[in-house]
Every structure is written in C-alpha cells, then in structure tokens.
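To start, the structure itself, in structure tokens.
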Amino acid sequence: MRNFRFMAILTTLSTYFLIFIGGLVRVSGAGLGCPDWPKCFGSWIPPFSVRQLPPEIDPNTFNLSLAWIEYINRLAGMTVGLLILALAIWAIIKYRKYPKILIPSLIVAPLTAFQGWQGSVVVSSELEPLIISVHMVIALMIVSLLIYISLQAYYYDIKLSAHENSYQAGIKTWAGILWLLAIIEVILGTQLRQAFESAAELNPLMSSSELLKIIGSIKFIHPLVGLFAALFMIYLISRLLSRKYQPSYLIWQCSWCLSGLLIIQIALGIIMMSAGLHAISQVMHLWTASLLSGVLFIIYFSLRQKGEVE
Amino acid sequence: MNVNKRYPGFLIYMVGAMIILAFLGALVANQANKSRTQIPVWGEVPNFIFTAAYNEEPFGLEQLKGGLAVLNFGFTRCKGPCPIMMPNMAELYTRYKNSDKIRFVTVSVDPEHDSFSVLREYAERYGVTDNRWVFLRAPVEQVAELCEGGLMLAADELPMGHTTKFVLIDDLGQIRSYADGTDKSSIRLLEEKIKILARNI
C-alpha cells in the first residue's frame, strides 16, 4: 500500500494548495476574472490582451491579471479533481476489502465532482457570500476525507503496535472537541468577513478600521472563541508532547505542527487587528485555520487508532 | 519504533512552504490590486501622416508610438477657447520637461493660414524649445477625418468648431483618456493617468 499512501498524501497536499489558491482568488477579487464557466471569455485559454477578445464582449469587463488568476485556479482545481478521481478508482480496484479506505474514497469522488459544479454556481451567483462559504466548507470536508484515507493507508502500512502510546482516554475527546471548535471558528470567520464586506458595500469610502467599528458582535465572538480554543490547544499540545505518554512518531510531528500553526495564527490575528486587513494576511489566516483543523483531525484519529488496535 | 523523534521535520517543511506561499500570494494579490487601477482603452488611433512644422517632414501615428502623447486641436488665429487651452498644454509641456516618455501634439485646424513658419512662431510663443511638442499641418479634410473618425471628437465647421479636448494616447497608439483642455481639474485627472501609464513604458 506504499504507493497508494504516497498518492493519498500527494492528493491531500495538492488539495491544501488548491484551498490556498482559492483563498487568494477570493481576496484578489478575481472570482469573476472569467465571467463565464467553464470557458474564460469564450475560449479555453483566456486572452493575453484586450485585442484577442471576441467582438461581442465589452472590453471594460476584461482584466488580464484577474482572468489569469481565476484561470489558474480552475486549472489547479481540475488537476486536483483528477487526482482525487484517480485515487478513488485506485481504492475501488485494489482496496475494496478495506472499508476504512473504500468508503471515504466512495464519498470523496462525487463530493469533488459536486464541488466542481458548485464552483460554477459561485461564478453565476456573482460571488454571493453564502455560496462562497459553502464552497469553502465542502473543501474542508474533502480535505478531511483525504486525510482520513492517507491516515488509514499509513496505519495499514506500519501495523501499529498496541503499546505505542499510552494516553488517557480523555485526551482523545479533547482533540475531537478542538477539531470541531476549529471548524466552528472557520465558519465564524467567514461570518465576520461577510459582515465586513456588507458594511463595506454600504459605506464604500470607509477604511477597514472605521468599518470594524460599525460591525456587530461577531467581531468579538470570532477572536474570543479563537483565544479560548488557543488556550485549550496549548493544554492539548503539552499533554501530547509529554514523554511520559510515549507519543508516536505521527503524533509527535503533528503536535509540533500544531504549535507552529497556533503561533502563526495568533500572530496573524494580531497583525490583522493592528495593521489592517491586508489581502495576504486574510488568505494566510484562513489557510492556517484549515491546516490547523487538518492537523487536529490527524491527531484525533491517531489517538483513536490506538484504541482500536488494543 | 523510534524514528528520530527529536527532529520536528513536518513543522520545518510546513513553515517553509507557508513562507514561500505567503510571499508568492502577496505578489499575486498585489498584482490583482494593481490591475484594478487599469485605464481602459477607448480605441485605436487610425493611421495618419501629417507634416511637422519644426522640420517640415512627415509625422504620423508611427512617430507617436513608443511613448505617450497628449494631442489637441487648435489654430493660431483662434480667439475663443485657445488662449485658455494652449497655456494649459504649455504647462504640461513644461511639467514633463525631464521625461522622454511623453510628447505633445497640436494639430492645426486652419492649414490655409497656419503655414509652417506661422506654426513655428506660434510654438515659440508658448516656449517650445524642442520637438517634445510638435505642431502638425495637413489638409483640413484629413484633420476632420482624424478628429471625427479616429478620435471620436466633434469637428464641425473647422476651424471655429474645433474641439478643446486633450486626447491621451499610449505607446501602442491607443486612446486611453480624454480631458477638457480648458478645465484644470480635468487636466489634473489626466496627469494621474499619465503617471500610471508611464510606469509601463
């Protein structure tokens, strides 16, 4: 299963990369860089200059940079879609007898196809905020399933022994709750952004700090829940890394990743509150959150894994 | 199983990848933001060949390309808007004296009276000392054709009915903006566009 595992990890990492590009498209305002779907300005490769536009298209709607950003997003999306499809076919052909690999593979392939179609709805809705958030949540679901497949392939390969780690049962619950909390934080974050964007729509000339003043309670809820989650995460990490419990290789690595992501996330939160909402800090904030929830997901299922082997 | 537990490799790779992506992402977001300040293309200047007063040699679209140009129409006997418009053009000519990225063109709508020598004298009156500001002469029908057909500006009953618009033409010979040559605020906006377009030359 070594090759399959490699493929599953590659697909997972590519999906994370795609989530990053997707966030970048969002903050660049390039979502409508191509006003049509699946083609871009009526052709499969977007125009390189305004002169190549078909005559029926108003040249004022064309922005070379935005069209190409959106086009690269679509290309990357298609590549990742094909990777996921290949992974699912591989699982169906060779790992039919392993339900823990087969079932998530059977779910992830149609979900990815749905996501592709939903991408077209995002474009035709002219970037309705709720529809973009749905696109984001489905992406998180897809990446979670891919992580689960990779993890199962990994555990199949290393044939984990029952004595590998010795955590108390409670810590598994902590990891699960924190994973849920991370997902809730992502959703709260998209709510905050929506509130921000609708305020900006009504007050086009306000600066981001002025806008922040007129936004309701969501601007307190998101950072407060975040702070709360961060404190519990520090506790979780301290337990996970304690040598007393002999952490497994994977848990040890993931706990360090979690610490790093936590520091990055807090730093980004402070930067955004003090230095304004720069496009790139928004993307990194959301992307770090999606990585963080992925790492928590790995930790949760690794802790469960041990229980099942016993 | 103890696979070098003391070395948090995942974390190092992850942070490395994040720094690279953050950098690339910042470039992309910046480019997207910049592209939004883009100035639309109104159309192409059609090919024309007139004659420049300073050397009495052909001057047309080919000579305009490669740099920005601000073009207007006028005539030396003009008593109406020209005494307001021409000093504004002269002001631009002086403002950009240290740049070879932009030149100025005035097309005479009264070629009967405006001979090359009359135009040269007129240029001198506005302090023109080099060929960054050229004065062009051509048969009045061709001037009307360029003005109405090419630049989409009014040219009724020349010379009196000439336009007072300044036309901003880019290095590819495309029309990028118009300004009211008698209105300083309109010209200030034109200067902003000149600044943006000049970055790409």
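Using r as the Cβ-Cβ distance of A:Tyr235 and A:Gln191, and R0 as 30 Å, what FRET efficiency do you calculate, to the nearest 0.05?
Step by step, r from the Cβ atoms, then E = 0.65.
I'd like the distance separating the alpha-carbon centroids of the range A:290-304 and the range B:58-122, in whole Å. Centre-to-centre distance over Cα atoms comes out at 70 Å. For the options B:Gln174, B:Gln142, B:Gln63, a Gaussian network treatment of chain B with springs between C-alpha atoms closer than 10 Å singles out B:Gln63 as fluctuating the most. Return the carbon/sulfur percentage of the accessible area of the range A:246-303, one whole number, probe 1.4 Å, all protein chains in place. Within the range A:246-303, the accessible surface is 77 percent carbon and sulfur.
The C-alpha atoms of chain B define a longest principal axis, and helix B:184-198 lies at about 50 degrees to it.
In this structure the range A:160-262 gives 52 Å² per residue of accessible area when probed at 1.4 Å with all protein chains present.
For chain B, the list of Cys residues with no other Cys C-beta under 4.7 Å reads B:Cys147. Helix A:2-28 versus the longest principal axis of chain A: what is the Cα-based angle in degrees, 0 to 90, to the nearest 10? Taking Cα atoms only, the helix is inclined about 40 degrees.
What is the helix-to-structure angle for A:64-94, meaning the angle in degrees between its Cα long axis and the longest Cα principal axis of chain A, kept from 0 to 90 and rounded to the nearest 10? Helix A:64-94 sits roughly 30 degrees off the main axis of chain A.
Ignoring ligands, DNA and RNA, please state the percent of accessible area on chain B from carbon and sulfur, probe 1.4 Å. It would help to have the intermediate numbers written out before the result.
Details: 5720 of 10350 Å².
C and S fraction of accessible area: 55 percent.
Close amide-amide hydrogen proximity is noted between B:Val107 and B:Asn72, B:Phe73, B:Gly74, B:Leu136, each under 5 Å apart and 5 or more residues distant or on a separate chain (H modeled in the peptide plane; Pro and chain starts excluded). For the chain pair B and A, buried accessible area totals roughly 2600 Å², probe 1.4 Å, rounded to the nearest 100. Scalar couplings 3J(HN,Hα) for the range B:163-180, obtained by applying the Karplus form with A = 6.51, B = -1.76, C = 1.60 to θ = phi - 60°, are 6, 10, 6, 9, 10, 9, 10, 8, 5, 9, x, 9, 7, 10, 6, 10, 9, 7 Hz; x denotes Gly and Pro.
Among B:81-87, B:67-73, sorting by the average number of other beta carbon atoms lying within 10 angstrom of each residue, highest first, gives B:67-73, B:81-87.
Within the range B:23-56, the residues that become at least 10 Å² less accessible when every protein chain is included than when their own chain is isolated (1.4 Å probe; DNA, RNA and ligands ignored) are B:Gly25, B:Ala26, B:Val28, B:Ala29, B:Gln31, B:Ala32, B:Ser35, B:Arg36, B:Gln38, B:Pro40, B:Val41, B:Glu44. In order along the range B:31-39, phi translates into HN-Hα couplings of 5, 4, 5, 5, 5, 6, 8, 5, 9 Hz, rounded to whole numbers, per the Karplus curve 6.51 cos²θ - 1.76 cosθ + 1.60 with θ = phi - 60° and x for Gly and Pro. List the residues, sorted by chain then number, that are 5 or more residues from B:Glu44 or on another chain and whose placed amide H is less than 5 Å from its amide H. The list, which skips near neighbours in sequence, is B:Ile175. The lysines within cross-link reach of B:Lys193, meaning a Cα-to-Cα straight distance under 24 Å and a gap of 8 or more places when in the same chain, are B:Lys34, B:Lys65, B:Lys97, B:Lys101, B:Lys165, B:Lys184.
Could you state the accessible area per residue of the range A:1-44 in Å², with a 1.4 Å probe and every protein chain left in place? Intermediate values should be presented prior to the final figure.
Details: 1960 Å² over 44 residues.
With all protein chains present, the range A:1-44 gives 44 Å² per residue.
Rolling a 1.4 angstrom probe over the range A:43-191 with all protein chains present gives an accessible area of which 73% lies on carbon and sulfur atoms.
Calculate the spin-label point distance for B:Glu112 paired with A:Ile263, positioning each point 7 Å from the Cα along the beta-carbon direction, and give it in nanometres. Label at A:Ile263, label at B:Glu112, 8.4 nm between them.
Neighbouring Cβ atoms from other chains, within 10 Å of the Cβ of residues in A:29-37, number 1 on average.
Modelled this way, with points 7 Å down the Cα-to-C-beta line, the labels at B:Glu141 and B:Arg125 are 3.0 nm from one another. Near the amide H of B:Phe59, within less than 5 Å, lie the amide hydrogens of B:Phe50, B:Thr51, B:Ala52, all on another chain or at least 5 residues away, with H placed in the peptide plane. Rounded to the nearest 5, the antiparallel percentage of DSSP beta bridges internal to the protein assembly as shown is 60%. Take each residue in A:256-267, count the other chain C-beta atoms within 10 Å of its C-beta, and the mean is 3. For the range A:46-131, the solvent-accessible area of protein heavy atoms averages 57 Å² per residue (probe radius 1.4 Å; ligands and nucleic acids excluded).
Can you tell me the FRET efficiency between A:Met78 and B:Asp100 if r is taken as the Cβ-Cβ distance and R0 is 51 Å, rounded to the nearest 0.05?
On the way: r = 47 Å, r/R0 = 0.91.
According to the calculation, E is roughly 0.65.
The separation of the range A:134-150 from the range A:1-80, counted between C-alpha centres, amounts to 20 Å.
Can you list which of the trypsin sites (Lys or Arg not before Pro) found in the range B:136-201 are DSSP loop residues with at most 15 other C-beta atoms within 10 Å?
Those satisfying the criteria are B:Arg199.
By the beta carbon rule, with partners counted only under 4.7 Å, chain A holds these lone Cys residues: A:Cys254, A:Cys257.
Taking every alpha-carbon pair within the protein assembly as shown, the share separated by more than 38 Å comes to 47 percent. To the nearest Å, what is the center-to-center distance of the range A:183-200 and the range A:97-123, using C-alpha atoms only? If you average the Cα positions of each part, the centres end up 26 Å apart. For the range A:224-242, the residues whose backbone nitrogen is under 16 Å from a point 7 Å from the Cα of A:Met273, taken along Cα to Cβ, are A:224-232.
Projected label points at A:Leu205 and B:Ile20, each 7 Å from Cα along the beta carbon direction, are separated by 4.5 nanometres.
The values are calculated or read from the model by the stated rules, or taken from the named source; none is laboratory data. Predicted model, so just to flag it, every value in this text is computed and none were measured. Quick reminder, even Gly has a Cβ in these numbers, built from the backbone with ideal geometry, and neighbours come from all protein chains shown. To get the accessible areas, we keep the full protein, side chains included, count just its heavy atoms, and leave off ligands, DNA and RNA. Shrake-Rupley method; radii C 1.70, N 1.55, O 1.52, S 1.80 Å.
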